[in-house]
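Everything below concerns the one structure shown next.
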Amino acid sequence: MVKTIEGKAAIIIIDVQHDFLPGGAVPAVEGNKIISPINRLTDAGRKVGIPIIFTQEFHRKSKVDFGREKDGAEPDHCLEGTKGVEITRELTTAPSDYVIQKPRYDVFLGTGMEYLINGLGVKPGDTLIIAGLVTNVCIHYSAASAHQRDYRIRVIEEGCAGTSSEEHECSLNAIEYLQAGARVKLEEILEAIAKY
């Protein structure tokens, strides 16, 4: 039986920004539906002292840092100075929360994520609880990267949305294939957090 939370935990909310919500440049299908589950998750985490980390995809106006990302089907998105780059204010935040800006899909690539979670006492073997946008891109790459670094990963089904329902489901299945028990329901993780 896989425990839902093992060791210490951190909650990572990935890229819930205007450009990934309906009406944005790269919208997730029904992306607005994840806001309430994420707020329930982060509120529960704060009550028991689990650190909350929000990530924000960020590109310079000159687009010099897009790299190979421009080879795909996505239009320009998350450009500095635009509304699209902003994390939606519908998310509940607190002064104790952290924000990590990232230039790539993977939250660990080119960021201070490892230094931050290390400083928070969350080490390989501990649990990263993941939600956000979009399932088939930044969630998928970040979860796989965390897995490669030997973290236990728990991706909240109701807390993610993909560019299509098929891509969302395929990515959750792929993440579960990488690590048994990685795909979890919100109520399951809330129950585990209450016992943290």
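Go through the residues of segment 146-157 one by one and say whether even a single one is under 19 Å from Asn39 (Cβ atoms), of a type in the set (Val, Ile, Thr) and crowded, with 18+ Cβ neighbours inside 10 Å.
As a first pass, look at segment 146-157 and keep what is under 19 Å from Asn39 (Cβ atoms): 154-157.
Pick out the ones that are also of a type in the set (Val, Ile, Thr) and you get 155-156.
Then keep just the ones that are crowded, with 18+ Cβ neighbours inside 10 Å; that gives 155-156.
So far as segment 146-157 goes, yes, one or more of its residues are under 19 Å from Asn39 (Cβ atoms), of a type in the set (Val, Ile, Thr) and crowded, with 18+ Cβ neighbours inside 10 Å.
In segment 146-184, what residues are among the charged types (D, E, K, R), free of Cβ contacts under 8 Å to residues at least 40 places away in the same chain and closer than 18 Å to Pro124 by Cβ? First the steps, then the outcome.
In the first step, residues of segment 146-184 are kept if they are among the charged types (D, E, K, R); the result is 149-150, 152, 154, 157-158, 166-167, 169, 176, 183.
Narrowing further to those that are free of Cβ contacts under 8 Å to residues at least 40 places away in the same chain: 150, 157, 166-167, 169, 176, 183.
The answer is Asp150, and nothing else.
Quick one: in segment 110-141, which of the residues that are more than 23 Å from Gly49 (Cβ to Cβ) and hydroxyl-bearing (Ser, Thr, Tyr) is surrounded by the fewest Cβ atoms within 10 Å (Cβ to Cβ)? First the steps, then the outcome.
Pass one, segment 110-141, residues more than 23 Å from Gly49 (Cβ to Cβ): 110-111, 133-141.
Then keep just the ones that are hydroxyl-bearing (Ser, Thr, Tyr); that gives 111, 135, 141.
Details: Thr111: 16, Thr135: 31, Tyr141: 18.
Residue satisfying both the conditions and the ranking: Thr111.
How about segment 147-172: which of its residues are closer than 26 Å to Ala25 by Cα and assigned to a helix (DSSP H, G or I)?
Pass one, segment 147-172, residues closer than 26 Å to Ala25 by Cα: 155-172.
Those that are closer than 26 Å to Ala25 by Cα and assigned to a helix (DSSP H, G or I): Ser165, Glu166, Glu167, His168, Glu169, Cys170, Ser171, Leu172.
Looking only at segment 1-41, how many residues end up being touching a strand residue (DSSP E or B) at 6+ places or on another chain (Cβ under 8 Å), among the basic types (Lys, Arg) and assigned to a loop (DSSP other than H, G, I, E, B)?
Number satisfying all stated conditions: 1.
Read-outs throughout are calculated quantities, based only on the coordinates presented, and are distinct from any laboratory measurement. Being a predicted model, the structure only gives us computed values, none of them experimental. No Cβ is skipped: glycine too gets one built from the backbone with ideal geometry, and neighbour counts run over all protein chains shown.
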